[in-house]
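The values are calculated or read from the model by the stated rules, or taken from the named source; none is laboratory data. None of the values given here were measured: they were computed from a predicted structure. Backbone-built Cβ (ideal geometry, glycine too); neighbour counts: all protein chains shown. For accessibility, only protein heavy atoms count, side chains too; no ligands or nucleic acids. Shrake-Rupley method; radii C 1.70, N 1.55, O 1.52, S 1.80 Å.
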Amino acid sequence: MAHGTLFLIPVPLADEAAAQSFTPYLVDTINSVKEYIVENEKTARRFLKLAGLKTPQSELLIHDYGKHNRDAGLKEFFKGLLAGNDVGLMSEAGCPGIADPGADIVAEAHRKGIKVVPLVGPSSILLALMASGFNGQSFTFNGYLPIDKIERSKRIKELESLAEKNKQTQLFIETPFRNDSMLQEVLKSCKPTTRLCIACDITAPTEFIKTLTIAEWQKQVPDLRKRPAIFLIFHA
């Protein structure tokens, strides 16, 4: 029996950005798939409704891959795929597998010889890089930096050094409630001529994306509290 296909279905980055995130192929795909592996069932069901799902949601089989359900292994998630059913993989926001635990599902699909098809959709990492004006041919996404202030400052200086030495864009993130302290640490740790791009609320009506030198940012520090943000540093 032929295996099903694992479709990687992007989810809007902001509630107000649903319409600009959908493609006709994505809409066609969700109306042909009746089984999903998701990071958050409530978010996933809301997204499917916004995207134009015509299948009654009561007919869907949804596997919750939230952080409290990952210890049981992946076997249950692959029964449908191995039986020939197509399955959609969705993260909480953005693209599955990019800074997302869904990468484990994708890796297992490859091990089992299951076809993986990524759909076009918003990635906050790539959108921030596109809008930064920094090097898009050589870049590194570093995820979360250390919480400890001393270690965090040390890591920021390391990334700045790599950016300058390799002419490479360095990207990193922080939880929204720590954004302001992260920004203060970047402004304190980096050289005045290093360039910093702050990209927050990407695709939302409140979207803010701006690139300035550290010296310039020190004169106009934005309020980033509770706003999802990505920080990018570069030194030409």
Over the Cα atoms of the stretch 85-135, what Rg and Dmax result, in angstrom?
13.2, 43
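What's the ranking of 162-171, 54-63, 195-204, 101-110 by average number of surrounding C-beta atoms within 10 Å, highest first?
Working: 162-171: 18.9, 54-63: 11.8, 195-204: 21.0, 101-110: 17.0.
In decreasing order of mean packing, 162-171, 54-63, 195-204, 101-110 become 195-204, 162-171, 101-110, 54-63.
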Give, in nm to one decimal, the length gained when the segment between residue 158 and residue 225 is fully stretched (0.36 nm per residue of separation minus the Cα-Cα distance).
21.6 nm
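Please report the equivalent ellipsoid semi-axes of the stretch 72-187, computed as sqrt(5 x eigenvalue) of the Cα gyration tensor, largest first, in whole Å.
Values: eigenvalues 236, 56, 34 Å².
Over the Cα atoms of the stretch 72-187, the semi-axes work out to 34, 17, 13 Å.
Within 10 Å, count the other beta carbons around each residue, average over each peptide in 218-227, 152-161, and list them highest first.
Values: 218-227: 12.5, 152-161: 17.8.
The packing order, highest mean first, is 152-161, 218-227.
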Could you sort the peptides 134-140, 12-18 by per-residue average Cβ neighbour count (10 Å cutoff), highest mean leading?
12-18, 134-140
Report, ordered by chain and residue number, the lysines lying within cross-link reach of residue 165, taken as a straight Cα distance under 16 Å and ignoring same-chain residues fewer than 8 apart.
157, 191
Rounded to whole Å, give me the distance from the Cα center of the stretch 192-236 to that of the stretch 158-174.
15
Going Cα to Cα from residue 79, which lysines come in below 30 Å? Please leave out same-chain ones fewer than 8 positions away.
34, 42, 49, 54, 67, 112, 115
With an 8 Å Cα cut-off and a minimum separation of 6 or more residues, compute the relative contact order for the chain in percent.
23
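Between residue 208 and residue 107, what's the calculated FRET efficiency when r is the beta-carbon distance and R0 is 25 Å? Round to 0.05.
Working: r = 35 Å, r/R0 = 1.38.
Working from the Cβ atoms, E equals 0.15.
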Cα pair count fraction exceeding 33 Å, expressed as % - the chain
27
May I ask you to give the percent of accessible area on the chain that is carbon plus sulfur, with a probe radius of 1.4 Å?
53
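Explain nothing, just the number: dipole magnitude of the stretch 155-236 about its Cα centre with +1 on each Lys and Arg Cβ and -1 on each Asp and Glu Cβ, in debye rounded to the nearest 20.
Values: 13 positive and 10 negative charges, 31 e Å.
Approximately 160 debye in magnitude.
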What relative contact order, as a whole-number percentage, does the stretch 1-138 give when Cα pairs under 8 Å and 6 or more residues apart are counted?
42
Report the label-to-label distance for residue 59 and residue 181 in nanometres (one decimal), using points 7 Å from each Cα along the Cα→Cβ vector.
5.0
Heavy-atom accessible area per residue, the chain, 1.4 Å probe: how many Å²?
51
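State to the nearest 20 debye the size of the charge dipole of the chain about its Cα centre, where the only charges are +1 on K and R beta carbons and -1 on D and E beta carbons.
The dipole magnitude comes to about 440 debye.
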